[in-house]
Amino acid sequence: MALTLRSSISFTNQKETKPCKTCDDIVSASSVCFAKTKPSFQRLGVRVKNSMQDVAHDDANYRRRKKEKGREEEGDGRRVPVYVMLPLDTVTMEGRLNKARAMNASLMALKSAGVEGVMVDAWWGLVEKDGPFSYNWDAYLELVHMVQKHGLKLQVVMSFHQCGGNVGDSCSIPLPPWVMEEISKNPDLIYTDRSGRRNPEYISLGCDSLPVLKGRTPVQVYSDYMRSFRDTFRDYLGSVIVEIQVGMGPCGELRYPSYPESNGTWRFPGIGEFQCYDKYMRASLEASAEAIGRKEWGRSGPHDSGEYNQFPEDTGFFKRDGTWNSEYGHFFLDWYSSKLLQHGDRILASAKTIFQTCGVKLSAKIAGIHWHYRTRSHASELTAGYYNTRFRDGYLPIARAMAKHGIVFNFTCMEMKDRQQPEHANCSPEGLVHQVKMATSAAGVELAGENALERYDADAYAQVLATSRSDSGNGLAAFTYLRMNKRLFDGDNWRHLVDFVRSMSEGGRRHRLPDCDSNGTDLYVGHIKGTKKKQAQEAALV
């Protein structure tokens, strides 16, 4: 197995200091011993008295330290478990576990670092590839057994979206072929922008309740998939598999695909575009406008909302005093965001029914759209379906919808700082995270976090540590690190991860590795030189 580990100390069960002695230990250690020559009674009395005073003093110190430790653990010092996302191509297009030897070595290393578990995407395009109701979970079963063997936990994402075309996508996994066949017959099954550009990342929520997938509705298809997963992995739910993250849009996030990177359509920090031009979404918009006696508002989305790579002030709709804040703007944005919330509610209600007796947590992910956050309109959030502006909290309704079903609110960009962002983009990831922490706290829903981009530096980890605390809004119930690859196991990157996991396990109280571990730790997976080059090639994570 291609794994080397050289360390001055162990990653687990490290004892940096001796444990505090109990009162009984101290009494035993300081008991009076008599020499052969009898000391005077007075001398003996002084010795006993001093010994008992020392015992009382040490016992009082022990009780004080124990009380202080308890207060720390009750406050912001609560443990935050850390998970690590597995590679996107953990399961191959042929339905096999990818590079199983390297995976085994990597899981062993993660366990040694104190990681709670790992996260994996259960791709709809792989599992139900061969036809409706034809599920192949074999590779995922193999992974579950491997995770169990190493004493780790598993978070599984019900990934009903395609892989490819977005930030960090390193492989391509389309929707199932039989679904793509239906889309080719009826292109309105997928999201469409104002210019007619189709996006095959995810089925349009406009047809959630229509039997457009060989006699089943999309929500029924998602429910059948989750039911098959439950029945296949029943023996591992609640023990090895501890969380099901329910995908509800592109990248598994509850949002519209308003900023697609494929083919250079969108570039940071463009405002994106509304995705409401397939025939099902247009029919819904028309019906909503007619219901309030404003038929003309239902003919189309905003005509002046600009294009993917424009800035708010370049548009009539999103500029400082634009139509986003008009009566028409309120109508359209309320309809657009409400459709997204209804989509989430339908799928989460089904997931809750399917998994409610299985002992697993359910979670849903919300995108951290932090660019143009400091403008009045928050244009980038609006096109994604989050009706969040200078005058309206768009995350509280989402948090309340999740609280209704007991869902964990999973949020990204936890590692980002405002000062690290380009000034012209009007970013505020810290302001956004703070708003989400307050919204989830008010709604009474658990908050979990992820990093949005691959980061290996101490600054990013320190920002997550700061965010994890509950001093302003919700603290984090868990954190999932993106993502496991070869770079993660390089010397400095690995040491930063180990330090971070320890800090999260201690409520953020540790800020750096002890000196004894800063020089001797060196763990590589699939990166062994010389005579072990062949084994390294077999175990390399790509």
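Site pair Lys214 and Tyr456 shows an inter-label distance of 4.3 nm when each label is modelled 7 Å from Cα along Cα→Cβ. Amide H contacts of Gln245: Val156, Val157, Met158, Ser363, each under 5 Å away and 5 or more positions distant or on a separate chain (H built 1.01 Å from N in the peptide plane; Pro and chain starts excluded). Each Lys and Arg contributes +1 and each Asp and Glu -1, all at the Cβ; summed about the Cα centre of segment 275-394, the dipole is approximately 420 debye. Would you mind getting me the FRET efficiency between Arg227 and Ala349? Use the beta-carbon distance for r and R0 = 22 Å, nearest 0.05. With a Förster radius of 22 Å, E is 0.95. Using a simple spin-label model with pseudo-atoms 7 Å out from Cα toward Cβ, Lys404 and Cys358 lie 2.2 nm apart.
For segment 412-420, the Karplus equation 6.51 cos²θ - 1.76 cosθ + 1.60, evaluated at θ = phi - 60°, returns couplings of 9, 6, 5, 8, 8, 10, 4, 5, 8 Hz by residue, with Gly and Pro reported as x.
Basic side chains Lys and Arg get +1 at the Cβ, acidic Asp and Glu get -1 at the Cβ, and with that the dipole of segment 229-300 about its Cα centre reaches some 240 debye. Only Lys, Arg, Asp and Glu carry charge here, each on its Cβ (+1 for the first two, -1 for the last two); on that basis segment 92-174 has a dipole of about 360 debye about its Cα centre. Only Cα pairs under 8 Å and 6+ residues apart enter the sum, and on that basis the relative contact order of segment 167-241 stands at 18 percent. When the Cα positions of Gln356, Gly301, Tyr336 are compared along the charge dipole of segment 283-364, Gln356 comes out farthest toward the positive end, with charges on each C-beta of Lys, Arg, Asp and Glu.
Length gained on full extension, Gln342 to Glu261: 26.5 nm, using 0.36 nm per residue less the C-alpha separation. You can think of it this way: the chain between Asp492 and Glu327 has 53.9 nm of extra reach, that is 0.36 nm per residue less the Cα-Cα gap. Applying 0.36 nm per residue to the separation of Ser239 and Asp314 and subtracting their alpha-carbon distance, the gain on full extension is 21.7 nm.
Hey, what's the Kirkwood Rh for segment 79-194 if you take every pair of different alpha carbons, in angstrom? Across segment 79-194, the inverse of the average 1/r is 15.6 Å.
Laboratory data are not the source of any read-out in this text; all were calculated from the coordinates shown. Remember, it's a predicted structure, so these values are computed and weren't measured experimentally. All Cβ positions, even for glycine, are placed from backbone atoms using ideal geometry, and neighbour counts span all protein chains on display.
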